[in-house]
There are 2 protein chains.
Amino acid sequence: MRGDTELVARAGHLFTGARVEFVCVARDLDTWAQPEARLAIGDRMRAAHDRSFTVRKLLSPSALADEAARAHLRMVADNGAQVRISTTRLPHETILIDKRVMILAESDGPGEREFTVTTSPALVGGVYALFEAAWESATELSAYFSGDVPQLDADSLTILRELGAGHTDETAARRLGLSLRTYRRRVAELMATLDADSRFQAGLRAGELGIAR
Amino acid sequence: MRGDTELVARAGHLFTGARVEFVCVARDLDTWAQPEARLAIGDRMRAAHDRSFTVRKLLSPSALADEAARAHLRMVADNGAQVRISTTRLPHETILIDKRVMILAESDGPGEREFTVTTSPALVGGVYALFEAAWESATELSAYFSGDVPQLDADSLTILRELGAGHTDETAARRLGLSLRTYRRRVAELMATLDADSRFQAGLRAGELGIAR
DNA sequence: CAGGGGATGGCAGCAAGCTGCCATGATGGA
DNA sequence: TCCATCATGGCAGCTTGCTGCCATCCCCTG
């Protein structure tokens, strides 16, 4: 199936027919350029408030890149959707509806995207289980927003790795070609960023947020 | 495709033809009752030592239920395979070969298992990405074996909470009605248990393992 | 009752971490 | 060019964490 138009035409009923759950795994938010699709899900989401209908979105950090995207996600979350961020490279786009239908989007080139729709129980069930595993380990969007660690620059991650490796400050500083003073300054900054009072706490936060890998 | 025999007959070449990577996600180890399949992968695994061939197994904790299973996994790991344990409910069985082929096993009833084999790049790619996300968040088998935290007594958890709260040793000791010396002894023991070289590392482990909440 | 073993805690000394202060060097704009 | 700004790093002094040693206490067993 090629192109968003064809998808909406031929699989639109799958979206509007969602009864229990709508799951979306994606690398970014480029998707849903088509107003029709947005609308169909928008309707569903409005229903999520009252009824037993769940919307879950699992995204990469890149989906938080610009302010517009963040605002959009905040809005989506306010409408009752659960949004989580995974630090690993996610599939370009995967949609799971009611544990029964799976839609995969591929976008290699600049042209129209290609979609694969399947309802095979084995396939959908298998992917759903993997999704659950990925979901469990992802962090809540709110955790990302509540001044936590939206963006931790490369330097900080390097420091984090040294700390995580269990090196002493002296060793770590030598490994990074920094003076002891600067290394410790970095650690202090990092701890301030993580809002940690002790190194233990910093490690805890880092672990919880899935950083430092 | 029904039954292990048919799988081996018709898809055996996919196993033996694996060149770069063999990924196996499963809930338990009931699989591979068929000697042929075991053998094919056994061969591959032996090759994993020298060449650039990776074997990764992602399993549920139930795969560690009995001693025989643990021994088997230890053996598998010794042969160069990477084994990780995920705490979420995994698909009954999913196999990914060289990022090109995917094999799904379904086992509803007591009868023969049903298999689905696909090479669709979109499907395999999508599932692979989800697998990566699940893999990232799973814990090393070695961590499970090396007496990590199957059992952490109430005292240790108390210590962990104090550490997590960011209290200094002196404050924490006072709060727990312990002497500074004893408190620190406890922390040292805890760190030994967690196999941590620094308090940061201990925090990291604690966070990763989901303790101290 | 005597003695062994384990947990506790005081003490001391050392190692590690933390931070204010200031000098130096690089960068960048007026 | 001069000046402001910022990141770096050396130094010093202080706090905190770490651990070996030994005394004490409690409990259990013979």
Subject >> For A:Asp78, inter-copy label distances in nm, listed shortest first [label point 7 Å out on the Cα-Cβ vector] >> reply: 6.0
Original post:
What are the ³J(HN,Hα) values, in whole Hz, obtained from phi via the Karplus relation 6.51 cos²θ - 1.76 cosθ + 1.60 with θ = phi - 60°, for each residue of segment B:116-124 in sequence order, with x given for Gly and Pro?
Top reply: 10, 10, 9, 10, 4, x, 5, 4, 5
Subject >> Under-5 Å amide H pairs with A:Lys57, H placed in peptide plane, nonlocal only >> reply: A:Cys24, A:Gln82, A:Val83, A:Arg84
Original post:
Could the peptides A:191-201, B:127-137 be put in order, highest first, of the mean number of other beta-carbon atoms found within 10 Å of their residues?
Top reply: B:127-137, A:191-201
**OP:** Check cross-link reach from A:Lys57 to the lysines: straight Cα distance under 18 Å, and skip same-chain residues fewer than eight apart.
**Re:** A:Lys99
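No lab work stands behind these numbers, since they all come straight from the coordinates. Values in this document were obtained by computation on a predicted structure and should not be read as measured data. In this analysis, Cβ positions are derived from the backbone assuming ideal geometry, glycine residues included, and neighbour counts consider all displayed protein chains.
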